[in-house]
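Written out below as structure tokens is the structure these notes cover.
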Amino acid sequence: MNQPALRILLAVYIAIFIAFLYGPFLVMGIISFQQGPEGGPQFPIIEWSTFWYKHVLGLAPPTRVAPLPIGEALTRSLTLAFATMVVATVLGTLTAQAFRTQFKGSGFVFYLVVLGMMVPGVLLGLGMSLVANQLGVQRTWWGTAFVLHVVYTFPFAFLVMLAIFNRFDQRVEEAAWALGVTPMRTFRKVTFPIIFPGVLSAMLFAFTLSYDEFPRTLFTGGPDVTMPIAIYGTFSVEIHPNLFAFGVLTTLFSFTLLTIYGVLMTASIRRSQAKASGIQEDIE
Amino acid sequence: MSMQETTQKSALLKRNKKFALLAPGVIWMMLFLVVPLCMMIYVSFWTQTTFSISSDLTLKSWKTFFASETYFGALIRTIRLWLIVLFLTFIIGYPAALFIGQFVRNKTTQTVLLVACVIPFWTSFLIRVLAWRPMLGKEGAINIVLQKFGLIDAPIEVLLFTELSVVIGMVQIYVVFMVGPIAFMLARIDQSLIEAARDLGASSWTIFRKIIFPLSLPGVVVGAIFVSVMVLGEFATASALSGRKVNLLGNIIVTQVGSLKWAFAAVIGVVLTAVMAVVITLLLRVVDLRKEL
Amino acid sequence: MMELEGLTKFYGETCALRGVSLTIEDDEYLTLLGPSGSGKSTLLRLIAGLEQPDSGSIRLNGEDIASLPPHRRGLGIVQQNYALFPHMTVFENVAFGLRWREENPVTEEAEITKRVDAMLDLVGLSGFENRGVGQISGGQKQRVSLARTLVTEPRVCLLDEPLGALDANLRERMTLELRRIRDTLGVTFMHVTGNEHEALGMGDRMIVLDGGAAVMIAPPEQVFDRPQTVRVAQVLNAYNILQGRVHEGRFDHAGSMLPLPPNSEGAMHYAIRFDAATLVPPDDPTALIRATFITSEFTGGGVTYFLRGPDGVFEVERHLSRADPQVYKGGQELGISWAATDALAFDSDGELIVSSNMRGAA
């Protein structure tokens, strides 16, 4: 497609579109600097201050606004996300590995796994708590909630790995076997290094989804809350700008991680390119 | 060892290996996905009294659901809201995807734009929903800006704590799930196909209708599945932005569970599952998900 | 020595290989020619252990290896698309087998370097050690793939259409290279190809595979001169094959009475090699059949003329060393002649009728 007028029109459109996506973000950023502790989560800004940031970090003097349970809830969320990431990625890789060759019932297994991401969280949370009730099992974030987080993220990891394996050339593995290398070692030395970027993105997917998950956790998490549940808890009472300050902080944190990742990737690509061209010069 | 035995043994070994690879995932999904869903259906037929629940089978909860204006109304409202959001995410998302997938030919720019769309996801979903409140409120950003420019005299009040605010919030959050798959499919279209059509004298509109849109259809369907699944099961956006005035099926499940009315929550859960199953089956009719991967 | 006996493989209902038996000697260059779908890749994969036969045995020096997994067979395979390890340098690719193999791995770094360097030298890639495999050409990849296999000193080296992905120029050079490398190392090569020139030019012996069966196993000259069946002649893509019936001591092909080699009464098929036929004026007394000229094609060392004969296309090949290329016009009438002794006759089963004078010639 190459229509100058249409192109400009769509370029303007996408700018508005991105503004729409980021609008609430901007508001969140502004409101987080609201004066505290009296200032509420609305305009106008009474006075610019960093009070709510101090409040989030536990540096502000105690007020009637309850502090966010950052220490415990955040630790729980991170632990849960990490465990979910590991299990979901392993399950996803194993299942995708099985899908590399045709087998009977592959359609059933495919849709069974994909169902995990299709069923709404409320339903699964409800179903799981009913099962827990029936069995007399205590509902906990590391038990009933954890298994549901895996049910939710495993399909994503599976689909990512499936796409990776689709592009993977089986003959590279065969070549390694024919050289006398065992299948186990071939997987470690050849298959895994090649699919590693895929595994990494599967892990990233699983971690992010689990970290932010709450409908499933709401019913099955038990009395110890995770971070999203703690935030959800503020819905019923008044909300304060400390939530927005927290939002800004976590966004910045993820940004930093993403930037470091990006910089490292770029650097490694540039290094390998430099190396290659250097050798070329040697030969010519 | 005879050849026959060897072959049989190796075939058995292969099957065992496949089984070992599949078993963990399948067992996990059976235990923690299929069993809970079955349990939900089962419990929907249990007898619910105010303070307790017993496993005597009855249709009472089901009758209450369809007889009650509130509950049946919630079903209708959920479906209406879902259709509105689905339509809007498509209308708003498609041009954006078209730009990213077809007009941006530079891979880096493409990636940058897609990443720009995904970045909001690094902030907690709930905080993103809540951020709409100071945006839409009576003294919110939109009203302030509109008043400053003299476009309106009095603040618009229907923006927050109405169905409209729920729709706005949902569209903003879910539109990216529509953009991603469509942009992906559009970017895969072979440019020579479009050039060939142009050489044959096809107009831009014909090219769009006959080539670009049909080829992007799988992306639309995948996006629609994502959006449908998430919107139909929604309750947080509704409770955060409607001031509890808009009750979706999801909200009712949450309240019922809160008051330990398990059987009733299960009935709504089964209804929601049925709606979802119909929607996804219809969408999958259009596109074979497995083939598109 | 490797012996294959009655190797059979089905894919569902389709039979890919039907009872292939053959013996592969030590220190020989064996080529395996077959059209696509003839089962040649399947045979290679069975030998390498990448697929399991439904029946039959594979013995290497008397030991049955059919039940062994690929990494215990001690065979090397060079894949069609090279299948290099994309995340390693040329050196690491070649060193991979030595370093990580299960049996008798080389642990000393100096030893690995010595052997890899020697091998890279043999295939002409010295100085490329530290390149990534994405930064070398197709022909170089081919050499890396070969070096990677040969450095592990396999008992038999299987090559799956190794030259298939190379351009014509490079292919010719690699043909010579392959022979030289094999002669230096003395390792048995089993080279699968769909190209008759490759099969004829490279092998000490060649196998013709058709429809999953080995239809002829013989030295290339013999295969070329006296294909055992009509199918072999067809696969070789060097024979005009005519259908007909013997009538009063001559072969009646669509009305043309062709001279037969002696003792070929039951002949049903008649074959004449492209380069055994010559084009003559249509009224020339030696003309055996008449044909209409269609087009011609230069093949470097010669010209191939395509003509419409009484029953299908007839090809005549003319080597430039014999004479200057003749130019004909499309639609021009011509006669084709050949010596009766150059013709081959096949019986109703498609088997070559071996005449007494041919026996004498052999």
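Summary table
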{"read-out": "Helix-only [θ]222 nm of chain C, DSSP H runs n ≥ 4, -39500 (n - 2.57) each, per residue, nearest 500", "value": "-7500 deg cm²/dmol"}
{"read-out": "DSSP H segments from chain A that extend 20 Å or more along their own axis, Cα-based, with Kyte-Doolittle mean of 1.0 or above", "value": "A:4-31, A:75-98, A:121-135, A:144-167, A:192-211"}
{"read-out": "Cβ-placed point charges (K, R +1; D, E -1), dipole of chain A about Cα centre in debye, nearest 20", "value": "580 debye"}
{"read-out": "Rounded to 5, the percent of DSSP beta bridges in the protein assembly as shown classed as antiparallel", "value": "75 percent"}
{"read-out": "Mean separation of Cα contacts under 8 Å (6+ apart) over length of chain B, as relative contact order %", "value": "25 percent"}
{"read-out": "Relative contact order of segment C:156-256, pairs being alpha-carbon contacts under 8 Å that are 6 or more residues apart, as %", "value": "18 percent"}
{"read-out": "Inter-label distance for B:Leu146 and A:Glu47, nm, one decimal - labels placed 7 Å from Cα along Cα-to-Cβ", "value": "3.3 nm"}
{"read-out": "Gaussian network model of chain B, springs between alpha carbon atoms under 10 Å - residue of B:Ala265, B:Ala236, B:Ala20 with greatest fluctuation", "value": "B:Ala20"}
{"read-out": "Helical segments meeting 20 Å axial Cα length and Kyte-Doolittle -1.0 threshold in chain B (DSSP H)", "value": "B:3-29, B:69-98, B:163-188, B:213-232, B:262-286"}
{"read-out": "Normalised contact order of chain A, rounded percent, pairs of Cα under 8 Å and 6 or more residues apart", "value": "28 percent"}
{"read-out": "Only Lys, Arg (+1) and Asp, Glu (-1) charged, at Cβ; segment B:67-292 dipole about Cα centre in debye", "value": "180 debye"}
{"read-out": "Selected from A:Thr89, A:Asn166, A:Phe235, residue furthest toward positive end of dipole (segment A:71-237; charges at beta carbon)", "value": "A:Asn166"}
{"read-out": "Listed residues C:Glu333, C:Glu161, C:Glu102, most fluctuating in chain C (Gaussian network, C-alpha, under 10 Å)", "value": "C:Glu102"}
{"read-out": "Magnitude of the charge dipole, the protein assembly as shown, Cβ model with Lys/Arg +1 and Asp/Glu -1, debye to 20", "value": "3660 debye"}
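Just so you know, all these numbers are worked out from the coordinates, no wet-lab data involved. Remember, it's a predicted structure, so these values are computed and weren't measured experimentally. Every residue, glycine as well, gets a Cβ built from its backbone with ideal geometry; the counts of neighbours run over all protein chains shown.
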